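To start, the structure under review is shown below, and the notes come after it.
Where a number appears in this text, it was derived from the coordinates with a stated rule and is not lab data. Quick caveat, the model's predicted, so the values are computed rather than measured. Positions of Cβ are backbone-derived with ideal geometry, glycine not excepted, and every protein chain shown enters the neighbour counts.
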Amino acid sequence: RYFGNLVKKLNLDEVNLILYCDHGMSFGRFINAEQGKEIERIVGNDLKVFIHPNVYLKDPDKKDKVARDIVLESEIDFAFYRENPHRVVGYFDQGKMITINIIYLINSFVKCFS
C-alpha cells in the first residue's frame, strides 16, 4: 500500500526503479564452465565458493573490489553486492550504481510524513 502511494507521487520519467530480491538466488552447480574459470581467475585465492550466480569470498570486506573486477575483467555485464541491510551496490560497464532497500525507503518516508 505505501509503495503504491509513493509511486503515484514520483515522476516516472526521472526514476529508474529496480526491484531486487535475494531469496532463491542460488541455482545449483549448472554453470557455464568457462564462466566458472573466469570467476576463479579474477577472484583468485579470495574465492571461497562460486555457486551460480553467487560468489562467496573468504574476506567479505573485498566484495566491492571483486564486484568491480568481475565486470571489468569478464563478459559478465553486472555484479552487485549488499553493502548493508539498506543498500545494494552494483557495477556495470558504465560505472557504479547504488540502490536503497525499498522497504527501508518507504518506512523512512512514512515516518517523515506521519
- Message: Need the list of aspartates and glutamates near Lys58 for cross-linking: C-alpha distance under 14 angstrom, and skip anything on the same chain fewer than eight residues off.
- Response: Glu40, Asp46
- Item | Long-range amide H partners of Ile51 with built H, under 5 Å | Tyr56
- Task: Mind checking which lysines have their Cα closer than 20 Å to the Cα of Lys65? Skip sequence neighbours fewer than 8 apart in that chain.
- Result: Lys37, Lys48, Lys96
- Task: With θ set to phi - 60°, apply the Karplus curve 6.51 cos²θ - 1.76 cosθ + 1.60 along the stretch 38-53 and write out the HN-Hα couplings as whole Hz, x wherever there is a Gly or Pro.
- Result: 4, 4, 4, 5, 6, 7, x, 5, 7, 6, 8, 6, 10, 10, 2, x
- What are the ³J(HN,Hα) values, in whole Hz, obtained from phi via the Karplus relation 6.51 cos²θ - 1.76 cosθ + 1.60 with θ = phi - 60°, for each residue of the stretch 54-71 in sequence order, with x given for Gly and Pro? 8, 10, 9, 9, 5, 10, x, 5, 8, 4, 5, 4, 5, 4, 5, 4, 4, 6
- Item | Footprinting exposure proxy for Asp46, Asp93 (fewest neighbouring C-beta atoms within 10 Å first) | Asp93, Asp46
- Query: Given H placed on each backbone N at 1.01 Å, which residues far from Glu83 in sequence or on other chains put an amide H within less than 5 Å of it?
  - Reply: Val88, Val89
- Given 0.36 nm per residue, what is the gain on full extension from Glu83 to Asp46 after removing their alpha carbon distance, in nm? 11.5 nm
- Task: Amide H neighbours of Lys96 under 5 Å, at least 5 residues apart or on other chains, H built in the peptide plane: list them.
- Result: none
